[in-house]
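Here the structure is laid out as structure tokens; the discussion comes afterwards.
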Amino acid sequence: MANGIDIHEREKSFETSIKRIKSINMYGSNKETILIFIDYILSGGISKARALRYLDVLPSFEKELAKDFRDSNINDMRRVVGKIEQNDKYKAWTKHTHKVCLKRFYKYLNGDKDYPETVSWIKCHMKKSEMNLPNEGELITEEETNMLIKACSIPRDKCL
């Protein structure tokens, strides 16, 4: 990491994810397609953290799709997105991220022009009701804030 310590070890995680992709069996040319896509988005300025997300999400799409990415149709995508939406283990932001990854990947497969018909129908917007805000009990009280300020010895820390 160029500007500090990488506490999340993204470089190591990235290399591990690439090795994992290379070692698993996939349909047709899906493995090569994912790896080329990752190189493509990295060359476009996407962070390694975001690329890691794609490396996590795309193999699960591939497994659910059970065919070459380029052979998929709108019905395949409806089935895959339906599984994402119905997965109770996923929070709203995870569902959103998965759909964004899927759309972005298929836009790349379409020559990075417009979204192809197979994914153009996917809605990636989140309802305001799905955006979780902290509960009243999760916020610090005014008394706790004052205690934190008193514990600080440097004016800069008191401002923060």
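Taken together, the values in this text are just the output of simple stated rules run on the coordinates, not laboratory data. This is a predicted model, so every value here is computed, not measured. FYI the Cβ positions are ideal-geometry reconstructions off the backbone, even for glycines, and counts take in every protein chain you see.
Numbers below:
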quantity: Karplus 3J(HN,Hα) series, Hz, for the range 88-96 with 6.51 cos²θ - 1.76 cosθ + 1.60 (x for Gly, Pro); calculated: 6, 6, 8, 7, 4, 5, 5, 4, 4
quantity: Sequence of Lys67, Lys19, Lys95 once ranked by neighbouring C-beta atoms within 10 Å, starting from the fewest; calculated: Lys19, Lys67, Lys95
quantity: Residue among Glu62, Glu144, Glu11 with the largest mean-square fluctuation in a Gaussian network model of the chain, springs linking Cα atoms under 10 Å; calculated: Glu144
quantity: Distance in nm between pseudo-label sites at Ser29 and Ile154 (7 Å out along the Cβ direction from Cα); calculated: 5.6
quantity: Dipole moment magnitude, nearest 20 debye, the range 1-94 about Cα centre, only Lys, Arg, Asp, Glu C-beta charged; calculated: 140
quantity: Distance-filtered residues of the range 79-107 - backbone nitrogen under 17 Å, label point 7 angstrom along Ile41 Cα→Cβ; calculated: 81, 93-107
quantity: Extension gain from Thr16 to Tyr115, taking 0.36 nm per residue of separation minus the Cα-Cα distance; calculated: 32.6 nm
quantity: For mean projected area of the Cα convex hull in nm², calculated from these coordinates, the label among [x] 13.5; [y] 15.9; [z] 21.6; calculated: [x]
quantity: Whole-number percent relative contact order across the range 10-133, with pairs defined as alpha carbons under 8 Å at least 6 apart; calculated: 22
quantity: Nearest-20 debye value, the chain charge dipole, Cβ charges on Lys, Arg, Asp, Glu; calculated: 420
quantity: Entries in Lys89/Lys113; Lys19/Lys127; Lys67/Lys113; Lys95/Lys158 that, when Cα-Cα distance is taken, lie over 31 Å; calculated: Lys89/Lys113; Lys19/Lys127; Lys95/Lys158
quantity: Simple label model, 7 Å out from Cα along Cβ direction - Lys123 to Thr141, nm; calculated: 4.2
quantity: Helix 10-23 axis, angle to the chain major axis (alpha carbon atoms, nearest 10°); calculated: 20
